[in-house]
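The values are calculated or read from the model by the stated rules, or taken from the named source; none is laboratory data. This one's a predicted model, so the numbers in the text were calculated from it and none came from an experiment. Counting neighbours? That spans all protein chains shown, and the Cβs are built from the backbone with ideal geometry, glycine included. For accessibility, only protein heavy atoms count, side chains too; no ligands or nucleic acids. Shrake-Rupley method; radii C 1.70, N 1.55, O 1.52, S 1.80 Å.
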Amino acid sequence: MVLAPQGSRAVKPTVSAIIPCLEEEDAIAAVTGAVLKEGVSEAVVVDGGSRDRTVERAAAAGARIVIERERGYGRAVQAGIAAARADADILLFLDGDGSDRTEFIPALIAPIAEGRVAFVHGSRLRGGQEPGSLSLQQIAAGRLAGLLLRLVYGVRFTDMSPFRAIRRDALERLGMRETTYGWNLEMMMRVAAARLPALEIAVGHRRRVGGISKVSGNFVAGIAAAWTIAATFLRLVFTLRRERGT
């Protein structure tokens with residue numbers, strides 16, 4: 001795999017995987033190992049204060065550990081980005097619960113490494129899904145996000161998956177700010193507003209390995225996350241328009 005920026009010789013990319021997690025001791029070792037087997041340069045596991053053996057098992061599997069005790073999905077992702085290798089060309093994002101299919105990592109990275117796009121989004125709603133792997137609220141949120149993005153920006157995404165990759169320099173120019181579950185939506189909106197070349201691929205989805213989802217496995221948390229996503233979309237539409245003077 002090579003990174004091929006315009007006007008320069010192709011070089012092999014350095015890829016850092018950012019894996020935010022909280023109490024995922026059943027899955028994190030296998031996830032870390034699977035990520036590293038796909039040619040990723042490093043796996044950065046950002047732990048949000050787990051009380052189980054998540055950190056111990058991730059480290060034993062070869063991950064670099066970052067502790068972020070302030071809660072917030074976006075805050076954890078930002079901590080992982082800050083800790084990633086300084087020479088990382090591409091940043092890969094996935095969950096630590098085993099639900100993201102790591103065999104699709106090369107397909108997420110290749111279009112960026114080849115210089116065709118800056119951002120690749122993995123759609124869980126396309127491709128094979130294990131029964132029960134996605135809750136109704138996750139499916140509805142993904143479809144709603146895709147509809148809103150198409151109506152406002154004319155882009156076509158079918159989901160709002162955490163499984164994605166982006167060129168690091170492109171991400172740094174986006175001006176990401178969200179500290180909550182709105183992070184994934186903010187990235188997609190900023191990519192669309194900036195007219196970055198983007199691609200969506202089908203990655204499917206598996207049932208999580210052990211534990212209960214912090215959002216989809218909890219109705220109240222799911223409603224709170226949905227509200228955060230809706231509020232984030234409306235707020236960012238106006239924020240991005242102000243930033244671009246439109």
| For the chain: relative contact order, % (alpha-carbon pairs under 8 angstrom, 6 or more apart) | 22 percent
| query | On the accessible surface of the chain, probed at 1.4 Å, how many percent belong to carbon and sulfur atoms? | reply | 55 percent
| Proximal charge balance of Tyr153 [Cβ under 11 Å; K/R count +1, D/E count -1] | +4
| Which helices pass in the chain if a helix is a full DSSP H run, must span at least 20 angstrom along its long axis by Cα, and must have mean Kyte-Doolittle hydropathy not below 0.5? | 136-153, 219-243
